[in-house]
Amino acid sequence: MTAVSATATEGSNTNYINCERGIWSWLTTVDHKRIALMYLFTLTLFFFAGGIAALAVRTELAFPGGQIMSADTYNRWFTAHGVIMIFLFIVPGIPAVMGNFLLPLMIGAYDVAFPKLNLLSLYVYWLGSLMALVSLGIHPVDTGWTFYAPYSIKTGSAVVWMTGAAFVLGFSSILTGLNFIVTIHKLRCPGMTWLRLPVFVWALYATSAIQVLATPVVGMTLMLLIFERAFGVCVFNPTCGGDPVLYEHFFWFYSHPVVYIMVLPAFGVIGEILPVFSRKPLFGYKAVVISSVGIAAVGFVVWAHHMLVSGISDFSAQFFSIATFLVAIPTAVKVFNWVSTMYKGSISFSTPMLYAMSFVFLFMIAGTTGIYLAAVAVDVFYHDTYFVVAHFHYTIQGGAVIGLIAALHYWFPKMFGRMYNDLVSRVAWFLVMLGFNLTFLPQFVLGMQGMPRRYYDYLPQFANLHLASTIGAYINAFGYSLAILNLFWAMAFSKKLAPKNPYDALGLEWRTQSPPIKDNFDVIPTVDDGPYAYGKPVATSH
Amino acid sequence: MSHGEHASVLDDPQGPPHVHHMDPPTAYHAAKFGMWLFLATELLLFGVMFAAFAIFRWKYFEEFHKASKHLNWKLGAANTAVLLTSSYFAAMAVDHAQHGRNKKVLSSLLITIGCAVGFLVIKTIEYSEKYHHGYFPGGENFHEYKTFLPLYFCMTGIHALHVIIGMVLLGWVASLAAKNRFSERYYTPVEVGALYWHLVDLIWIYLFPLLYLVG
Amino acid sequence: MFRYLPEQASDFAHSVDSINNLITDISVFFTVLIVGAMIYFAIRYRKKGGVDHETPRIEGSHFLEVVWTVVPTLICIWVAIIGVYGFRTMREVPADALEINVVGRQWNWTFKYANGKRTADEFVVPVGKPIKLVITSEDVLHSFFVPAMRTKVDAVPGQYTYQWFRPIKTGDFQVFCTEYCGTAHSAMLAKVRVVSEAEFERWVSDTGRVQSPAEQGEALVKLNACGSCHSVDGSAIVGPTFLKLYGRKGDFDDGQQYVADENYIKESILNPQAHVVKGYPHPSPMPAFEGRLSDEDISNIIAYMKSLNEAPKVVVKKPEIDLASMTPADRGKKHYQEKLCIGCHSLDGSRVVGPSFKGLYGREAKFADGTQYKADDSYITESILKPNAHVVEGYPSPSPMPVYEGQLSDDQIKDIIEFIKTVK
């Protein structure tokens, strides 16, 4: 029998971490929580690798002219940054770590529907990552993470290894998504109706649908690119009648929905954190759920807004512009609901709450700058300039990465049974905010001034803003390093044991031990309400 | 506390394996649902090539029309018949499994796999015809149909790869039938395997007219 | 707000900017509203005294959901429609537009007018008249971006795209390539010069002026982007410099000797793979111009090369720096950048093409033939003047490093050695 009391001896009980020892037990586990941790360690490594690539790029760009590398080398570094951050880090991202850890706990299940398939997903992810590393070792790719044809067909770099890696990684993504969908459908505990699911679970559901439906498209597209390079097959190469714009269509058909794979789970995380630290229900639960599903659906019909100046027809350009405006609305609805959650709450400012509130600010910038890009007349100017670079860093870093860091801090006591150093976590948060905004706000201005992206060198009038951006990048890097090291240090050495439910949160995951036992629950729980029933019931409900 | 993870084959050697976190009906429905989702991904995978084919056929109609005439529609039709037959026997295997007739499951699946081998043999004949006329990638006449042929080989090649995957999958299921594994209480692998096989067949049903007939 | 956009040089730039500014106003308004509300709630309802106060279990409000769905939808539709109308203006080309053909290639832009006049890197248009650019690429994707005109469209190989604008003021305006296209993507710049109608007429009809063969040759060299790989001032890029090329004697990499006379120059233009000069990349990355340059074109190019034998053409791209006041190591570093050693030799220890300069000075290692060497002054000097005399073990042989004999003075080499000493 596990102890139910919230005393400090919690962490010393048998749990999923100490129940079996030895590296082999980890490498062959089918426990979703252990799999989540192994993803976490790998992802952290790649986050730092991608971050180093970012610093290399920003250091070169600190001043006009060649600083520390040639143009060719620079092109390989920015490609490496994009490929590592996107395919090896943020696409697996929150679903692989937090989704794997929390999903069964949140729905009251012992594990996911296919635990062995889950382990296979991890192995496939490792295989794909290895292939990417081989590519970076042999002859680093210099095409940008988008691998546009015909340059990607002609260049001598190890494109086949890298696109092959992306293909393999896509499989991992598909299998995880498939697993989650079946889990959510089939393994909800008694009383857990669809409308009692935590919004994080809904977010995972919408994300998984995208993973399953969109990933095969880019997989096949990259396979065709590989055939084109290896066998001279003619699909995208104009010298034999192929169409480079067709590549762009196929590529973005996945790569637009992929940004929702990155950010929807982060939206879910914010929806979990805000109610807890406001002691109020999530405002407009149904609207938040509908908007998650809506974003996933509409996200499939806007892909060519990445191609408005690629030579597509004027009709298409106008269609995709209007469709893109539509996808903004559900996101706006979410933000309104989040802030309303805080109304008349009892707000406390834990580190996860700081990150969640910052998320709202950062995502307002991200979303509104997206409007510029949706408006086709204005996108003509901004496309492929630094404005776009700043926009997508606000959405991906300010959105998805901040969501992941917030989640790691929030669920840390549950995952590891200890607390991290609070003061250090706050200092790190501040540095991340300062550094991130200093890096990317100047880039909006650079874009307005017409500075194109993927430029090794630039005209002198852009110098000051680039220098500011580089300084910001170093502060940003330092902040993240501090935050992550603080967490890892606490994992290994913190003596502050965490109680079962340090925040007095509702939600099934908080009913378990901290850290949970291997099977999560002694017996499958039963629920009779949703996870946001904070506060005193009001007389009337709308 | 653990919930007993080993398959309790001793209690009921023809019953569902003990999966500690799902009861048998849930496990069965979960497996089927999972396979349907996987089939959806396969459709999208092939969808890319179908879309590329459609676009290039519209763009290079002459070339596609002429090229399609070079394809041996008789062999293609034979392959269609072969695959339909294989699907029939796969469906029969499911029915037999649901009634516990393991020997008949084994024979039906062996016929299915046999048909698949026949498919691959016919495909090899077709490919070698192409090779001898120089229509293979790198062949001397390849450039004559330089947009049609790459797509043709990609689509039929990747389909053939899926035929092989299906054969391996069904072979594994057949080996279970040989050990008398199935009964009316448990036949999930047969059903799920057959589902996959039907998709492989379905893709060919679209490929054949598109490549060989409509051209 | 945020007046960072470039000057408005086309007639629809103003309307593009007003859409931009409208979006800015809306965005700032909503961001301040939302973030402000959040901060206000955070402060006003903060937990006091370490104890949570009572909170009402408010679950939602249908009314608010409708309001904050409908209002943003209406705003979005409004802005979308404005954006679409603005776009249509940018795509409907006036019937009397002056058409110019633009070709992007790695890594320059060339322009051709209706009367056959061709230019590279810079093109001239009359103010007040609509200009239509018909654009394509010879190799990979590029994109033609004129910020001041607010226009941009990709240059797609195998297809034609277009953009149009009506310049409203005279002046020089920047053009960028804005679709990543490889090594020199950020150097693929151009300029549009807007002049009065009269001046434009004078300029564009200037095709008939009889230019000397050397001048015609110079124009051809520019048009065909030979400068991407061959300098005219003695500096080494990818291929041999054209400075004092005519009549030069040397060796091919197969050991044969050559003289750079009319016949050889013609062969190397039409069929560059036939022979490669020793010390240069093999196979030659130079494109073949067979079918693209006539015999007359080639003889004009040869005339131009002959003209480069007279006086060295000093290409002053940067302001004069007082070399004498720099330290030898700093001068050496300048040579390292300008002579493009930076293209193959890193400073951070990483391997690009040749050995990194980090820790190079004094290093002891082996050549490919097994003999030992020490990277002292005499070996470094030899490897600059005659890179193929010895190749370090593990590096490409023959060495693709350009031969700097005749292109660097002894003093310059000494400066470079001083610089290398500082790279630790």
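Here are a few things to note about the model shown:
- Single residue of the range B:132-178 satisfying the filter (assigned to a helix (DSSP H, G or I), away from every other protein chain (no Cβ under 14 Å) and without any contact (Cβ under 8 Å) to a residue 24 or more places away in the chain) that is nearest to A:MET220 (Cα to Cα): B:VAL168
- Set C:GLY370, C:GLY349: member being at pLDDT below 85, more than 14 Å from chain A (Cβ to nearest Cβ) and part of a loop (DSSP other than H, G, I, E, B): C:GLY370
- Annotation note: Cβ proximity below 9 Å between a residue of the range C:362-377 that is closer than 23 Å to C:ASP415 by Cα and a residue that is among the acidic types (Asp, Glu) (sequence gap 6+ or interchain) occurs for C:GLY362/C:ASP376; C:TYR373/C:GLU364; C:LYS374/C:GLU364; C:ALA375/C:GLU364.
- Among (1) of a type in the set (Gly, Ala, Ser); (2) surrounded by fewer than 19 Cβ atoms within 10 Å (Cβ to Cβ); (3) in a loop (DSSP other than H, G, I, E, B), the one test that A:ALA149 misses: (2)
- Any hit, the range A:526-537, residues being surrounded by 15 or more Cβ atoms within 10 Å (Cβ to Cβ), away from chain C (no Cβ under 14 Å), in a helix (DSSP H, G or I) and of a type in the set (Val, Ile, Thr): no
- For the range C:38-63, the tally of residues that are surrounded by 11 or more Cβ atoms within 10 Å (Cβ to Cβ), facing chain A (nearest Cβ under 7 Å) and touching a strand residue (DSSP E or B) at 6+ places or on another chain (Cβ under 9 Å) stands at 8.
- C:MET90 meets the conditions (1) in a loop (DSSP other than H, G, I, E, B); (2) within 12 Å of chain A (Cβ to nearest Cβ) in every case but one. The failed one is (1).
- Any hit, the range B:57-67, residues being more than 8 Å from chain A (Cβ to nearest Cβ), within 30 Å of A:HIS185 (Cα to Cα) and either outside any helix (DSSP H, G or I) or out of contact with any Leu (no Cβ under 9 Å at 6 or more places or on another chain) (or both): no
- Scanning the range C:65-83 for residues that are at the interface with another protein chain (Cβ under 7 Å from one of its Cβ atoms) and either crowded, with 17+ Cβ neighbours inside 10 Å or in contact with a Ser or Thr (Cβ under 8 Å, 6 or more places away or on another chain) (or both) turns up C:GLU65, C:TRP68, C:THR69, C:PRO72, C:CYS76, C:VAL79, C:ALA80, C:GLY83.
- Listing of helices (runs of 4 or more DSSP H) fully contained in the range A:32-122 that carry 3 or more residues being under 21 Å from A:PHE488 (Cβ atoms) and more than 10 Å from every other protein chain (Cβ to nearest Cβ): A:32-60, A:100-107
- Any hit, the range A:326-333, residues being over 30 Å from C:ARG57 (Cα atoms), surrounded by fewer than 23 Cβ atoms within 10 Å (Cβ to Cβ) and not basic (Lys, Arg): yes
- Among the residues of the range A:170-195, the one identified as more than 11 Å from every other protein chain (Cβ to nearest Cβ), hydrophobic (A, V, I, L, M, F, W, C) and buried (at least 24 other Cβ atoms within 10 Å of the Cβ) is A:MET192.
- Only one of the listed residues (C:LEU64, C:LEU74) is more than 46 Å from the chain's Cα centre (by Cα) and without any contact (Cβ under 8 Å) to a residue 24 or more places away in the chain. That residue is C:LEU64.
- Within the range A:360-372, the presence of at least one residue that is touching an Asp or Glu at 6+ places or on another chain (Cβ under 8 Å), surrounded by 22 or more Cβ atoms within 10 Å (Cβ to Cβ) and facing chain C (nearest Cβ under 9 Å) is confirmed.
- When the test is whether a residue is surrounded by fewer than 21 Cβ atoms within 10 Å (Cβ to Cβ) and part of a strand (DSSP E or B), C:VAL103 passes it.
- Scanning the range A:450-469 for residues that are more than 14 Å from chain C (Cβ to nearest Cβ) and either surrounded by 22 or more Cβ atoms within 10 Å (Cβ to Cβ) or not in a helix (DSSP H, G or I) (or both) yields a count of 1.
- Given (1) in contact (Cβ under 8 Å) with a residue 24 or more places away in the chain; (2) part of a helix (DSSP H, G or I), index of the condition A:GLY144 fails: (2)
- All strands (runs of 3 or more DSSP E) inside the range C:169-253 with 1 or more residues being in contact (Cβ under 8 Å) with a residue 12 or more places away in the chain and under 30 Å from C:LEU408 (Cβ atoms): C:249-251
- Hits in the range A:219-246 (condition: more than 10 Å from chain C (Cβ to nearest Cβ) and among the charged types (D, E, K, R)): A:GLU228, A:ARG229
- Summed over the range C:153-164, residues that are within 7 Å of chain A (Cβ to nearest Cβ) and hydrophobic (A, V, I, L, M, F, W, C) total 2.
- Filter pass, B:GLY47 being among the small types (Gly, Ala, Ser), under 30 Å from B:LEU207 (Cβ atoms) and either crowded, with 17+ Cβ neighbours inside 10 Å or modelled with pLDDT of 80 or more (or both): yes
- Restricting A:GLY479, A:GLY472, A:GLY447 to residues that are of a type outside the set (Lys, Arg), crowded, with 22+ Cβ neighbours inside 10 Å, over 30 Å from A:ASN15 (Cα atoms) and modelled with pLDDT of 95 or more narrows the list to A:GLY447.
- Annotation: B:PRO17 fulfils all but one of (1) more than 14 Å from chain A (Cβ to nearest Cβ); (2) over 19 Å from B:ILE205 (Cα atoms); the unmet one is (1).
- Of the residues examined, C:PHE144 is not one that is crowded, with 23+ Cβ neighbours inside 10 Å, more than 9 Å from every other protein chain (Cβ to nearest Cβ) and over 24 Å from A:TYR148 (Cα atoms).
- Scan of the range B:52-69 for residues that are surrounded by fewer than 19 Cβ atoms within 10 Å (Cβ to Cβ) and hydroxyl-bearing (Ser, Thr, Tyr), ordered by number: B:TYR60
- Restricting attention to the range C:82-97, the residues that are modelled with pLDDT under 90 and over 18 Å from C:HIS14 (Cβ atoms) add up to 0.
- Failed condition for C:ARG150, given (1) over 20 Å from C:ALA120 (Cβ atoms); (2) in contact with a Ser or Thr (Cβ under 7 Å, 6 or more places away or on another chain); (3) at pLDDT below 95; (4) within 14 Å of chain A (Cβ to nearest Cβ): (3)
- If the condition is being more than 7 Å from chain A (Cβ to nearest Cβ), in contact (Cβ under 8 Å) with a residue 24 or more places away in the chain and over 16 Å from the mean Cα position of the chain (by Cα), then the range B:34-56 contributes B:PHE50, B:PHE53, B:PHE56.
The values are calculated or read from the model by the stated rules, or taken from the named source; none is laboratory data. Everything numeric here is computed off the predicted structure, so don't read it as measured data. Counting neighbours? That spans all protein chains shown, and the Cβs are built from the backbone with ideal geometry, glycine included.
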